[in-house]
Amino acid sequence: MNGIDQVTRIYSDKDALENIVMHAFEMPSVFRKALLLCDLRGFSVDEAAAILGISSTAVTLRLERARRELNVRLAVAS
C-alpha cells in the first residue's frame, strides 16, 4: 500500500483530498511529479521514469521523499 492510499483511506471526503493535492502542489516539482504520476495516476515506477526521462532509482528516491514531505505537511496542517 502506498502513502497516498493510506492517506486517502483516512481522509476520504472531497475536502480532505483537495487538501492533500494542495500540499502536493506546494512541494518542489521534481517530487510532486513522481508523487502524482505514481500515487495518483497509478503509473509504475518504471513507467514514471520513462515519462520523466530519469532512472527508476531516481523516481523511487523522489517518491519516498515526496511521501515523507506530504506526511509532514499533513501532520502540521491537522
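The values are calculated or read from the model by the stated rules, or taken from the named source; none is laboratory data. Not measured: the values here are computed from a predicted model. Counting neighbours? That spans all protein chains shown, and the Cβs are built from the backbone with ideal geometry, glycine included.
Looking at Phe31, is it in a helix (DSSP H, G or I) and either of a type outside the set (Ser, Thr, Tyr) or at negative phi (or both)? Yes: the conditions hold for Phe31. In the range 26-44, the count of residues that are modelled with pLDDT of 95 or more, over 26 Å from Val76 (Cβ atoms) and surrounded by 13 or more Cβ atoms within 10 Å (Cβ to Cβ) is one or more.
For the range 54-66, a residue qualifies if it is in a helix (DSSP H, G or I) and among the hydrophobic types (A, V, I, L, M, F, W, C), and the qualifying residues are Ala58, Val59, Leu61, Leu63, Ala66. A search for C-beta distances below 8 Å between a residue of the range 21-35 that is free of Cβ contacts under 8 Å to residues at least 24 places away in the same chain and more than 21 Å from Gly53 (Cβ to Cβ) and any residue that is charged (D, E, K, R) and crowded, with 19+ Cβ neighbours inside 10 Å, counting only pairs 6+ apart in sequence or on different chains, returns Phe25/Arg32.
Could you tell me whether the range 54-73 includes any residue that is buried (at least 16 other Cβ atoms within 10 Å of the Cβ), touching a Gly at 6+ places or on another chain (Cβ under 6 Å) and either in contact (Cβ under 8 Å) with a residue 40 or more places away in the chain or of a type in the set (Ser, Thr, Tyr) (or both)? Yes, there is a match, as at least one residue in the range 54-73 is buried (at least 16 other Cβ atoms within 10 Å of the Cβ), touching a Gly at 6+ places or on another chain (Cβ under 6 Å) and either in contact (Cβ under 8 Å) with a residue 40 or more places away in the chain or of a type in the set (Ser, Thr, Tyr) (or both).
Scanning the range 34-53 for residues that are assigned to a helix (DSSP H, G or I) and among the charged types (D, E, K, R) gives Asp39, Asp46, Glu47.
On the stretch given as the range 29-44, residues that are within 15 Å of Glu69 (Cβ to Cβ) and out of contact with any helix residue (DSSP H, G or I) (no Cβ under 7 Å at 6 or more places or on another chain) total 1.
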